[in-house]
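Q: Pasting in a structure now, in structure tokens, and then I'll have a few things to ask.
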Amino acid sequence: MVPTDTIVEKDAINLIKEFYKVCLAEHPSKSLKSVNIKLTKGLIEKLDRVRKATDCDPIIRAQDVSDDVLETLTVKHLNDNWYMVSYTWGKGGEFESTQNIPLRVTKIDGQYMIDYITPIWNGSLYGDSLLCDNPVIPAINTSEPLSFLKTFYDAYTLKYCSMPEGLASQLASIRTEYLTPNALKQFDAVEKEEFLENNGHGYDLLILDFDFDNLSRPSIKITPINEDTYQVSFAKNKTLKIKVVKQGQEYRIDSITKDKE
């Protein structure tokens, strides 16, 4: 989503301050329902994925907050539509620490909304390069196994990075088309295992995580092991093995095996 309307800095700062005052004051007693109106639907879904991946609230980058954080809340403009939210825990105490959280503001139908909050794993990074606004999803080439996997992952991860509303169903449609019943069974089994062990509904075996960022896309490497098996590697030394099978004139993913860490 590309912001099209001019953002007035003071109005954006007021929006962010009011939003974070509610989040910090109500945490953790209330859900996001009271503040979701200020977030785009695509961001709401991403925050849910980030929450599962980190086991903390991605809006405040913490599991809990102290009573004095509201007194230290500040918001400053960075550039373009990006702003930095900062607040301090235990100010003046032995364990004083400050959170710096970059985010982006957009304007939709005349209403200011937050459409991106940098995940904790990206620290204080900001800028539109973190996102894939209005991407063109590439066609998946099924005629040759290596090209198939490369274009599959290009399209699949680009879906994550573009943050569309209803991402889960869109990813499921891609898997249904390009995974065999055997691979789909393996995918579902791992997701169920994660849910039972970690309440991790939404774990994606194909990316070995709950979410995927644009900055991580260059880290994807696909290496042939033999004529039908390939190693797919990501950042943080995450690897899996994928076996493809030819059905008629097209290739499909037939087996997904997570390598031992």
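Q: Does region 79-92 hold any residues that are open to solvent by less than 40 Å² (accessible area, probe 1.4 Å) and either farther than 17 Å from TYR112 by Cα or touching a helix residue (DSSP H, G or I) at 6+ places or on another chain (Cβ under 7 Å) (or both), and which are they?
A: Matches in region 79-92: TYR83, VAL85, SER86, TYR87, THR88, GLY90.
Q: Turning to a different aspect of this structure: Any residue at all in region 103-112 that is farther than 28 Å from GLY166 by Cα and not aliphatic (A, V, I, L, M)?
A: no
Q: Another one. In a strand (DSSP E or B), farther than 30 Å from VAL244 by Cα and in contact with a Lys or Arg (Cβ under 6 Å, 6 or more places away or on another chain): is that true of TYR83 in this structure?
A: It is false that TYR83 is in a strand (DSSP E or B), farther than 30 Å from VAL244 by Cα and in contact with a Lys or Arg (Cβ under 6 Å, 6 or more places away or on another chain).
Let's see how each residue does on (1) modelled with pLDDT under 95; (2) more than 20 Å from GLN170 (Cα to Cα):
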| site | (1), (2) |
| --- | --- |
| GLY202 | yes, no |
| LEU205 | no, no |
| ILE220 | no, yes |
| PRO224 | no, yes |
| GLN231 | no, yes |
| LYS243 | no, yes |
| ILE253 | no, no |
| LYS260 | yes, yes |
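Q: Say whether the condition of being part of a loop (DSSP other than H, G, I, E, B), open to solvent by 40 Å² or more (accessible area, probe 1.4 Å), modelled with pLDDT under 90 and out of contact with any strand residue (DSSP E or B) (no Cβ under 8 Å at 6 or more places or on another chain) is met by at least one residue in region 40-60. Walk me through it before giving the result.
A: We begin by selecting, within region 40-60, every residue part of a loop (DSSP other than H, G, I, E, B); these are 40, 55-56, 58-60.
Remaining after also requiring open to solvent by 40 Å² or more (accessible area, probe 1.4 Å): 55.
With the extra rule that they be modelled with pLDDT under 90, the set shrinks to 55.
Within this subset, residues satisfying the condition of being out of contact with any strand residue (DSSP E or B) (no Cβ under 8 Å at 6 or more places or on another chain) are 55.
Within region 40-60, one or more residues are part of a loop (DSSP other than H, G, I, E, B), open to solvent by 40 Å² or more (accessible area, probe 1.4 Å), modelled with pLDDT under 90 and out of contact with any strand residue (DSSP E or B) (no Cβ under 8 Å at 6 or more places or on another chain).
Q: Where in region 180-261 are there strands (runs of 3 or more DSSP E), lying wholly inside it, with at least 3 residues that are closer than 29 Å to ILE117 by Cα, open to solvent by 40 Å² or more (accessible area, probe 1.4 Å) and of a type in the set (Gly, Ala, Ser)?
A: Qualifying strands (runs of 3 or more DSSP E): none found.
Q: Moving to a separate point now. Return the residues of region 134-157 that are surrounded by 14 or more Cβ atoms within 10 Å (Cβ to Cβ) and either at pLDDT below 95 or in contact with a Leu (Cβ under 6 Å, 6 or more places away or on another chain) (or both); say none if nothing qualifies.
A: PRO135, ILE137, listed by residue number.
The values are calculated or read from the model by the stated rules, or taken from the named source; none is laboratory data. Note that the structure is predicted; figures quoted are calculated from it, not measured. Glycine also receives a Cβ, built like all others from the backbone with ideal geometry; neighbour counts cover every protein chain displayed. Please note that ligands, DNA and RNA were not included when accessible areas were found on the heavy atoms of the full protein model with its side chains. Shrake-Rupley method; radii C 1.70, N 1.55, O 1.52, S 1.80 Å.
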